Amino acid sequence: MRSPQRNERPIGMFDSGFGGLTVARAVLDLLPDEDVVYLGDTGRYPYGPRPANEVRQFSLEIAEYLVTTHDVKALVVACNTATAAALDDLRDRLKIPVLGVIAPGVRAVVEGTDAQRIGVIGTVGTVASGSYQAAVAAMPRPVEAIVRSCPGFVEFVERGVTDGPEIQILAERMLAPIIEADVQALLLGCTHYPYLARVISGVLGPDVLLVSSADETAFALADLMQAEGLAHPDAGRGRRGHRTTEFISSGDVAAFTQLGSRLLGPELVDAHHWRHPHAP
Ligand code: DGL
């Protein structure tokens, strides 16, 4: 069998669990000719409360696996916590292009809205990294950002609970400082949060625009594929429906497949297991 050309190889994506599927959905829709390999590190989620150097280590291990075993042509870090902790290291070490979700998310809210004061919510790790504060400050248009963590949100999504009284109560508590700050837009700075958009929007009311990084990340990936000559050679020639998607979990594969297919859609029919380097 001939080895695939550089641009025929798949795009790799990863997250601590199911959250990156929000980005995967946008990538699958925008780039229907590209093969995609997605890894959810559900065996080691959540990343948010972990020290940055641990999340960096996990990210490097996953990248190494996706590059050596799946020969990915580009890597999307579909997790804000991992983007904050590891994007620079991944870019230094890998020979393929690496894209995070923080810069595209900030672009989406600053360039795509005229909000003067925005909220950003993310995990404890993302917020503590200061990455969002720095990315907003670096934009050409001055925007005031109120950045807050929402511990607990990720765990609800990972359990498949995206509505109901418990998450409603937690959302009211966690979003109180955002309501207090009277923001015009809220950037969902964790890829799990779009699954809670209905609850979040219900708490904040219709005047606060919710912005996710998923679509903007997919657009940035499409631009990157073009710029680097990495777009699949059959792109635009009716390959849609013939591309391959592969899903991998470091945790319980049956549970990953069941909830993942509910959250992502029909592309996720099965998954296989990755034994991470520290598995007992
Ligand atoms: N989806 C990851 C993020 O965007 C989440 C988190 C976690 O595992 O805590 O930050």
Only one of (1) within 12 Å of the ligand (Cβ to nearest atom); (2) open to solvent by 20 Å² or more (accessible area, probe 1.4 Å); (3) of a type in the set (Gly, Ala, Ser) is not met by residue 189, so which one is it?
(2)
Take the residues of region 114-166 that are polar (S, T, N, Q) and in a helix (DSSP H, G or I): which is surrounded by the fewest Cβ atoms within 10 Å (Cβ to Cβ)?
133
Which residue is farthest from residue 51 (Cα to Cα), if the candidates are limited to region 88-113 and must be open to solvent by less than 60 Å² (accessible area, probe 1.4 Å) and outside any helix (DSSP H, G or I)?
113
Taking the condition within 12 Å of the ligand (Cβ to nearest atom), closer than 24 Å to residue 229 by Cα and assigned to a helix (DSSP H, G or I), does residue 23 pass?
yes
Go through (1) open to solvent by 30 Å² or more (accessible area, probe 1.4 Å); (2) among the aliphatic types (A, V, I, L, M); (3) within 16 Å of the ligand (Cβ to nearest atom) for residue 55 and report which single condition fails.
(1)
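Of all residues in region 27-67, which are touching a helix residue (DSSP H, G or I) at 6+ places or on another chain (Cβ under 7 Å) and part of a loop (DSSP other than H, G, I, E, B)? Walk me through it before giving the result.
If we filter region 27-67 for residues that are touching a helix residue (DSSP H, G or I) at 6+ places or on another chain (Cβ under 7 Å), which is where we start, we get 27, 30-31, 36-42, 44-50, 52, 55-56, 59-60, 63.
Within region 27-67, 31, 41, 42, 44, 45, 46, 47, 48, 49, 50 qualify.
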Would you pick out the residues in region 1-20 that are touching a residue at least 24 places away in the same chain (Cβ under 8 Å), more than 9 Å from the ligand (Cβ to nearest atom) and assigned to a loop (DSSP other than H, G, I, E, B)?
4, 5, 9, 10
Exactly one of (1) without any contact (Cβ under 8 Å) to a residue 40 or more places away in the chain; (2) touching a Lys or Arg at 6+ places or on another chain (Cβ under 7 Å) is unmet by residue 264. Its number?
(1)
For region 27-45, what are the residues that are closer than 20 Å to residue 216 by Cα and either open to solvent by 10 Å² or more (accessible area, probe 1.4 Å) or touching a His at 6+ places or on another chain (Cβ under 8 Å) (or both)?
29, 30, 31, 32, 33, 34, 35, 37
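Picking from 71, 92, 41, 88, which residue would you name as being on the phi > 0 side of the Ramachandran plot and modelled with pLDDT of 95 or more?
Working: 92 fails: on the phi > 0 side of the Ramachandran plot; 41 fails: on the phi > 0 side of the Ramachandran plot; 88 fails: on the phi > 0 side of the Ramachandran plot.
Of the residues listed, the single one that is on the phi > 0 side of the Ramachandran plot and modelled with pLDDT of 95 or more is 71.
What number of residues within region 184-222 satisfy the criterion of being hydroxyl-bearing (Ser, Thr, Tyr) and either free of Cβ contacts under 8 Å to residues at least 60 places away in the same chain or within 13 Å of residue 119 (Cα to Cα) (or both)?
The number of residues fulfilling the criteria is 2.
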Test residue 250 against the stated conditions and say whether it is in contact with a His (Cβ under 6 Å, 6 or more places away or on another chain) and open to solvent by less than 30 Å² (accessible area, probe 1.4 Å).
yes
Which ones in region 196-215 are open to solvent by 20 Å² or more (accessible area, probe 1.4 Å) and among the polar types (S, T, N, Q)?
201, 212
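The values are calculated or read from the model by the stated rules, or taken from the named source; none is laboratory data. What you are looking at is a predicted structure, and each value in this text was computed from that prediction instead of being measured. No Cβ is skipped: glycine too gets one built from the backbone with ideal geometry, and neighbour counts run over all protein chains shown. All accessible areas refer to the heavy atoms of the entire protein, side chains included, with ligands and DNA or RNA removed. Shrake-Rupley method; radii C 1.70, N 1.55, O 1.52, S 1.80 Å.
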